[in-house]
1. Hey, does the stretch 241-259 have a residue that's of a type in the set (Val, Ile, Thr), part of a strand (DSSP E or B), in contact (Cβ under 8 Å) with a residue 60 or more places away in the chain and in contact with a Pro (Cβ under 6 Å, 6 or more places away or on another chain)?
2. Does the stretch 139-157 contain any residue that is open to solvent by less than 10 Å² (accessible area, probe 1.4 Å), touching a Ser or Thr at 6+ places or on another chain (Cβ under 6 Å) and under 18 Å from Arg80 (Cα atoms)?
3. So Thr216 clears everything in (1) at pLDDT 95 or above; (2) under 22 Å from the mean Cα position of the chain (by Cα); (3) not in a helix (DSSP H, G or I) except one condition, right? Which one?
4. Could you please tell me which pairs satisfy a Cβ distance under 6 Å, a separation of 6+ or placement on different chains, a first residue in the stretch 56-85 that is farther than 12 Å from Trp115 by Cα, and a second residue that is in a helix (DSSP H, G or I) and of a type in the set (Phe, Trp, Tyr)?
5. Restricted to the stretch 384-405, and to residues that are of a type outside the set (S, T, N, Q) and surrounded by fewer than 22 Cβ atoms within 10 Å (Cβ to Cβ), which residue is nearest to Ala136 (Cα to Cα)?
6. Looking only at residues that are charged (D, E, K, R), free of Cβ contacts under 8 Å to residues at least 24 places away in the same chain and farther than 22 Å from Gln265 by Cα in the stretch 185-231, which one is surrounded by the fewest Cβ atoms within 10 Å (Cβ to Cβ)?
7. When you look at Thr258, is it surrounded by 24 or more Cβ atoms within 10 Å (Cβ to Cβ) and either among the small types (Gly, Ala, Ser) or in contact with a helix residue (DSSP H, G or I) (Cβ under 7 Å, 6 or more places away or on another chain) (or both), yes or no?
8. Among the residues of the stretch 106-122, count how many are open to solvent by 20 Å² or more (accessible area, probe 1.4 Å) and within 22 Å of Phe48 (Cα to Cα).
Amino acid sequence: MEHLSPFELKDNLIKLAEEEDRRLSWTMLNVGRGNPNWVAVPPREAFFTLGQFGLQECRRVMDRPVGLAGIPGSKGIGKRFEAFLKENPDLPGIDLLGGIYRYGLQTHGFDPDEWALELAEGILGDQYPTPDRMLACTERIVHDYLIQEMCQGKTTHSGRYDLFATEGGTAAMCYVFDSLLQNGLLKKGDRIALGIPTFTPYLEIPELDRYGFEVTYITGSEKDAQGQATFQYPESELDKLGDKSIKAFFVINPSNPTSVEICPQCRKYLVKVVKNLNPNLMILTDDVYGTFVEGFVSLLRDLPRNTICVYSFSKYFGATGWRCGVIALHQDNIYDDMLSAVPQAEKERLAKLYESLTLRPDRLKFIDRLVADSRQVALNHTAGLSTSQQIQMLLFAGFALLDRENKYKKACIDLIHHRYELLWQGLKLPVTPDPDRAGYYLEIDIQEWALKNHGQEFMDWMKKNFEPVDVVFRLAEKCHVVLLNGGDFAGPEWSVRVSLANLEDEAYTIIGKTLSATLNEYVEAWQASEKQ
């Protein structure tokens, strides 16, 4: 079972824990998956209220008793939407809806009719997404959100990012991998780098036959003055990225499962390595957990020409089921530069591939190739994320933009950090402050704990008598607690990953105590064997 993905292994652990539940009438505590147990309410209220306006517009055009209505018309719809906002002050989410509408008018100078029509048609889903990459007004609002959350409200360069709305971060990753390969920017067998520990699919995808990448691992192995892992990348690891034979660097920031952002010193050194030694290094960063760190800065800001950023709204807003994600790529980027510099034979191959889309396929931007490739090129005319999903994404983004005092962000961070502290209290271990910690997950290095508290002899005995996954099986079978093995994320082999997002607060004290008691069982067995 050690060869299974941890998420498949989890299913076996759940079965064990459920059997124990039935026998003892206990409640299973499953912290193996990172689905949050909260939702952002105001943007959802605004979504359902906006739907009422959309239907009102449909009935205005045509209203048959059988339930058949028309589609919204553009002429005067801005005035009608403003009247709807004024006449329905008590509808849930109406204030947020009005605030976002006014934000579009005042900040971006949107035409009222075009803006209101995009909202009405988008919520109804009665039209194909147009533009197919992302709805025009929606893109501007989500762009502002990404600048606020990923770049701390400012950029170090001129120009904007192009956005592609996708079916969550998962689809975004698949699209990027496939388009890099499709366009010859990466070829089967190329060398890539991967920041580890990392989300297991990132370890598995490069090994698929269609990619067959040669992987260089960039290991977050730094320790603090007390010898405790910070999971930051040492300069010696980042130096590997200076090798021009490494074409791309894939990283989760903040990381999963270690849940720390790349610290400012590491980012600064990484920028130096890329600019001086490997200026065409393609960087793909998955920044879904960035909103859980105060002052988070993405590589999107530090290395805008090199970086493709994938962001998902799923964790921060409690919306894994909505499948709302976005790919961001700066308009001035190395991907377009490299495409313009490929050999003539390759240009002709790509021109043939995209000739049905434009009279000048050689000028087709990489971000637009992503969109086309997502629909096998031939179906590009029906590409694009569901407009209803895009509108919910817009409302999430607008909610954060209008939260001037960051009340929602503070509540989310406080909730996660409180659970973090409860778990460590249960373990009876002190919490080490870390400004780079997101805390959405926690990786507990059992070997580090064992060596620090019981020495090398105990750890040698553990390795001789047990497999690293024994801990998670023991917890599931005897204590109805489901954790994941950290070794499956290319982390320390003897470690466990805990999600701090998906259970009630008190559960984390229980999990800490249970894990502490389980580890002490090993210690007692070792001590008994030593006496014998």
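1. Within the stretch 241-259, the first condition is being of a type in the set (Val, Ile, Thr), and the residues that meet it are 246, 251-252, 258.
This time we only want the ones that are part of a strand (DSSP E or B), so: 246, 251-252.
Filter once more, so that each one left must be in contact (Cβ under 8 Å) with a residue 60 or more places away in the chain: none.
Looking through the stretch 241-259, none of the residues is of a type in the set (Val, Ile, Thr), part of a strand (DSSP E or B), in contact (Cβ under 8 Å) with a residue 60 or more places away in the chain and in contact with a Pro (Cβ under 6 Å, 6 or more places away or on another chain).
2. No, every residue in the stretch 139-157 fails to be open to solvent by less than 10 Å² (accessible area, probe 1.4 Å), touching a Ser or Thr at 6+ places or on another chain (Cβ under 6 Å) and under 18 Å from Arg80 (Cα atoms).
3. With (1) at pLDDT 95 or above; (2) under 22 Å from the mean Cα position of the chain (by Cα); (3) not in a helix (DSSP H, G or I) applied to Thr216, the lone miss is (2).
4. Close Cβ pairs (under 6 Å, with a partner that is in a helix (DSSP H, G or I) and of a type in the set (Phe, Trp, Tyr)) amount to Phe84/Phe53.
5. Quick first cut of the stretch 384-405, residues of a type outside the set (S, T, N, Q) only: 384-385, 391, 393-405.
Narrowing the set further to residues that are surrounded by fewer than 22 Cβ atoms within 10 Å (Cβ to Cβ) leaves 400-405.
Details: Ala400: 19, Leu401: 18, Leu402: 20, Asp403: 23, Arg404: 24, Glu405: 28 Å.
So the residue we want is Leu401.
6. Initially, the stretch 185-231 is screened for residues charged (D, E, K, R), giving 187-188, 190-191, 204, 207, 209-210, 214, 222-224.
Retained after the next criterion (residues that are free of Cβ contacts under 8 Å to residues at least 24 places away in the same chain): 187, 207, 209, 222-223.
Filter once more, keeping what is farther than 22 Å from Gln265 by Cα: 187, 207, 209.
Values: Lys187: 12, Glu207: 10, Asp209: 6.
Within the stretch 185-231, the match that is surrounded by the fewest Cβ atoms within 10 Å (Cβ to Cβ) is Asp209.
7. Values: surrounded by 24 or more Cβ atoms within 10 Å (Cβ to Cβ): yes; either among the small types (Gly, Ala, Ser) or in contact with a helix residue (DSSP H, G or I) (Cβ under 7 Å, 6 or more places away or on another chain) (or both): no.
Criteria not met by Thr258.
8. Filtering the stretch 106-122 for residues open to solvent by 20 Å² or more (accessible area, probe 1.4 Å) gives 106-114, 117-118, 121.
Narrowing the set further to residues that are within 22 Å of Phe48 (Cα to Cα) leaves 112-114, 117-118, 121.
Total meeting the criteria: 6.
The values are calculated or read from the model by the stated rules, or taken from the named source; none is laboratory data. Model, not experiment: these values are computed from the prediction. Quick reminder, even Gly has a Cβ in these numbers, built from the backbone with ideal geometry, and neighbours come from all protein chains shown. Heavy atoms of the whole protein, side chains included, go into the accessibility calculation; ligands, DNA and RNA do not. Shrake-Rupley method; radii C 1.70, N 1.55, O 1.52, S 1.80 Å.
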